[in-house]
Every structure is written in structure tokens, then in C-alpha cells.
1. Can you tell me which residue among 216, 202 is surrounded by 22 or more Cβ atoms within 10 Å (Cβ to Cβ) and assigned to a loop (DSSP other than H, G, I, E, B)?
2. In this structure, does residue 111 turn out to be modelled with pLDDT under 95, assigned by TED's automatic domain parsing to the domain that holds residue 359 and surrounded by fewer than 22 Cβ atoms within 10 Å (Cβ to Cβ)?
3. Do we have residue 95 as crowded, with 23+ Cβ neighbours inside 10 Å, out of contact with any strand residue (DSSP E or B) (no Cβ under 9 Å at 6 or more places or on another chain) and at pLDDT 95 or above here?
4. Quick one: is residue 384 surrounded by fewer than 21 Cβ atoms within 10 Å (Cβ to Cβ), at pLDDT 95 or above, touching a strand residue (DSSP E or B) at 6+ places or on another chain (Cβ under 8 Å) and closer than 27 Å to residue 64 by Cβ?
5. Could you tell me how many of the residues in the stretch 24-43 are within 16 Å of the ligand (Cβ to nearest atom) and over 16 Å from residue 109 (Cβ atoms)?
6. Quick check on my filter: what residues within the stretch 299-336 are within 16 Å of the ligand (Cβ to nearest atom) and part of a helix (DSSP H, G or I)?
7. Residue check: is residue 376 in the same structural domain as residue 89 (by TED's automatic domain parsing), in a loop (DSSP other than H, G, I, E, B) and within 22 Å of residue 42 (Cβ to Cβ)?
Ligand code: CA
């Protein structure tokens with residue numbers, strides 16, 4: 001009897017020890033894109049997936065976990081990045097839109113990470129004015145930065161580089177991994193690509209990659225916005241607002257000359273523009289995917305794969321022709337939702353899918369939790385680590401709060417809302433509503449493309465009441481001030 005028990009105890013002990021070892025102070029490789037649509041990634045099983053456009057990014061999902069219901073709190077570049085660093089919604093970190101300064105003196109995860117013995121580096125785009133604080137190493141693009149030969153702000157001043165920004169950012173990240181970090185302590189390396197942001201300039205080797213490719217159009221491409229008055233006021237239509245020169249480079253590339261034909265009918269032109277848009281967008285995505293492969297190879301080369309959590313995400317989602325649009329901002333799914341894929345060997349189950357409601361306020365608490373650092377109460381998000389371990393807490397959130405504060409950019413008026421994954425309630429209150437609240441309710445299960453606003457349908461009155469209460473509950477929970485207070489703060 002004894003002879004069986006002792007090996008069993010040993011096995012349990014060492015088994016436990018090896019799991020502990022795998023989860024102890026893991027490194028974090030954080031790969032962050034700008035405007036990467038969920039639908040662009042093969043791993044998300046969209047209408048583009050059969051085209052196998054993102055094999056390296058998809059590998060992360062094959063070996064890890066895809067978060068299917070992951071969202072942002074304010075779908076625009078700089079506020080999303082402020083939320084990433086602070087773990088707070090815009091009204092708490094003060095970064096409502098792209099214009100205001102970001103208060104770098106406030107609490108941010110990287111300042112706290114040092115308590116866990118971590119070193120931190122951020123290379124690429126932050127879209128936050130001023131100098132980052134709390135990172136051991138940083139190189140950031142000024143503002144949006146340039147696609148080709150970008151300059152970088154560093155602690156030692158501005159530096160010039162040569163090449164496409166996706167390649168350069170990766171090169172610098174690999175250089176940090178190889179030559180600049182302290183190899184004795186764990187790290188978080190944040191690689192922040194500019195791609196695939198407008199005006200979608202691929203590296204030279206990808207300019208012609210999709211020249212003869214035909215991309216499938218989304219179902220809602222020819223949306224006429226019936227039942228959605230605010231959507232009618234958009235200024236982000238591929239057909240009406242995307243520029244042939246500038247956005248689609250019709251003057252530069254011979255294969256785009258058809259776009260300049262003045263006799264072409266409107267709908268044919270819209271479809272041609274969509275193809276050109278997708279060719280460029282996916283040219284940029286191809287560059288990101290290739291460079292993700294290089295980063296994963298470098299991690300492997302340095303023997304770090306086993307103890308590194310790889311996380312891939314974007315500052316928000318993006319419209320790839322859904323509703324006839326490009327850009328983001330709306331609380332509709334394509335821009336509200338953002339990709340999140342996580343690989344953590346030995347901990348995250350390969351090929352798993354998480355369907356809990358996650359939000360970008362969760363990133364900062366997750367980094368701290370991974371580093372074994374206490375999460376401060378003032379952070380509004382929750383650690384995703386239990387979700388990664390397939391151990392979602394029973395009291396995990398059942399709804400998400402959203403608030404977009406910029407008024408009028410691309411014709412999108414201010415709005416806030418709540419989604420519980422089944423129903424979504426949106427309240428538009430910005431200048432385009434002319435002072436009268438404009439509400440929308442969607443049944444996400446029956447109408448996933450959000451084409452049919454059912455706010456006034458009597459058969460949904462019970463759902464509507466519930467969602468109104470939920471919105472108020474979240475406003476209270478996250479301590480959202482009245483919009484008048486927010487507007488006064490923004491003017492300062
Ligand atoms: Ca963005």
C-alpha cells in the first residue's frame with residue numbers, strides 16, 4: 001500500500017510544482033494593433049476566414065484562447081489606450097477623445113508592475129501626447145506616426161528610422177528582447193503597431209499582394225439605415241466619403257485608375273472602392289501577421305515560449321464595409337468589439353474559446369495579476385486570468401457599459417449604452433440629436449447585424465425596461481457623471 005502512495009504523492013507534488021513553475025512570473029508579450037477588425041482575423045471565423053489571411057495570428061488562437069465577446073468602453077484610438085494603461089473608463093482617466101492631454105501623473109499599471117519585479121517596455125504607437133511614465137524603456141510614434149520611415153520619440157530624443165512602421169517596430173522590439181532587457185527578471189513587452197490604421201499603406205512587398213483578389217462583401221454593405229436616424233447622419237461611407245486620392249491612392253497606382261472614371265455608376269464605384277480598401281487594409285494586416293510570426297520566432301529562439309503569455313488585441317474594432325462603412329466610434333458590434341487572443345503554454349487550453357463579457361478596462365488588472373501584484377481598487381476592470389484558466393468566477397459581469405464622447409467626428413454623435421450580449425440599448429444625446437435623446441434597441445441574437453431598431457416595438461417592452469435599468473445600474477457602478485459635468489471638464 002505504502003509503495004503505491006509515495007509515488008502518487010510525489011507525482012501530485014511535482015505535477016503541482018511544474019504547474020506552479022509555468023505560472024510563476026510569466027513574461028508578457030503584448031501585441032496591439034490600431035483598428036484591427038475582429039472580422040479581419042481568420043481565427044474569428046468571419047466571411048474572410050476561408051482566405052487564410054492571418055496564419056501567424058491564427059496560430060496564437062490555435063495554441064491558446066480566443067475571446068469572442070471582448071469589447072472596448074469608448075471606440076476611438078487615444079481613449080482606448082488611456083484605458084489600457086489605467087484600467088479605467090474614460091470618465092475616470094480623463095481621456096474622453098483624441099484631443100485632450102492625457103494626465104501621465106495618474107495611476108497606471110506599469111508604475112505598479114515594478115512591485116512584482118517586472119521590467120516594462122513599450123514600442124510603437126500610443127497616441128497620447130507627452131512622455132510615458134513608469135516604463136523602463138519606450139519608443140513611441142509622435143501622434144499617429146508615419147507608415148514609412150517613421151520617427152520615434154525616445155527618452156534620449158527624437159530618432160529617425162527607415163522602413164515600414166510595422167517592420168521597424170518589430171525590429172526594435174526584437175532588439176530590446178535580445179540586447180536591452182535584463183535577462184534575469186520577467187518582463188512585459190508591449191508592441192504597438194500603427195497598422196492597419198487609415199490610410200492603409202502596406203509595406204512595398206504587400207502593395208500588390210491582393211491586386212487580383214476579390215474580397216467578399218459583408219451582408220450589410222448596402223445598408224440604407226432604416227429605423228436608425230443617427231446612422232443616416234454618418235460621414236464614413238466607403239461609397240460617399242472614402243477618398244479615391246489619399247485613401248485609395250488611385251493617382252499613384254495604375255491598377256486603381258478605374259476609380260477615377262467619372263462615368264462609372266455609383267454602386268459599381270462603391271464596390272470598386274471596397275475592393276481597393278480591402279486590398280490595402282489586408283496588405284497592412286499581412287505585414288502585421290508576418291511580423292507577429294517574427295516575434296513568436298524570436299521568443300522561441302530565446303527559449304522564452306514556455307513562460308511567456310502572448311496577448312494579441314487592438315485599440316478597437318473597425319468597419320470593413322459593414323453598414324457601407326470604414327472607421328469605428330459607434331457602439332454597433334463591429335467597432336464596439338475588439339479581438340483578444342491569448343496563448344499561455346501549460347495554462348490556457350489550446351484551441352479554447354471564451355464567451356464571457358470582457359472589456360478593455362480588464363487589461364491593466366490582468367497584467368498586474370499575471371505579475372502577482374495587487375490590483376488597486378480604483379481600477380474598474382477585472383483580471384482575465386481566471387478566464388484564461390477556464391475558471392470564470394460565478395459573479396462575473398453580465399453587461400457592458402459604453403460611452404463615446406467625441407461629437408461629430410465622421411458624423412457620429414455622442415452616445416452611451418449597455419449590452420448584455422442578447423440586447424443592446426443605445427442612447428444618442430450629442431449635438432446631432434438637437435437636444436432630444438434618440439434611443440435604439442437591438443435584439444442581438446435575432447439581428448446580429450443591428451439593422452432593425454426595435455426600441456418602439458411593444459413586444460419588446462419588458463426587455464427595454466430591463467435594459468434601461470441595467471444602463472442606470474452600470475452608470476451608478478462605474479460612477480459616470482452627468483454629461484453636462486463631462487462637457488465642462490472636457491473644455492478645461
Ligand atoms: Ca484605433
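The values are calculated or read from the model by the stated rules, or taken from the named source; none is laboratory data. Everything numeric here is computed off the predicted structure, so don't read it as measured data. Backbone-built Cβ (ideal geometry, glycine too); neighbour counts: all protein chains shown.
1. From the options 216, 202, the qualifying one is 202.
2. When the stated conditions are applied, residue 111 does not pass them.
3. Considered against the rule, which asks whether it is crowded, with 23+ Cβ neighbours inside 10 Å, out of contact with any strand residue (DSSP E or B) (no Cβ under 9 Å at 6 or more places or on another chain) and at pLDDT 95 or above, residue 95 comes out as yes.
4. The answer is no for residue 384.
5. 10
6. 334, 335, 336
7. no
Residue by residue, here is whether (1) within 16 Å of the ligand (Cβ to nearest atom); (2) under 22 Å from the mean Cα position of the chain (by Cα); (3) within 14 Å of residue 33 (Cα to Cα) holds:
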| residue | (1), (2), (3) |
| --- | --- |
| 139 | no, yes, no |
| 153 | no, no, no |
| 170 | no, yes, yes |
| 178 | no, no, no |
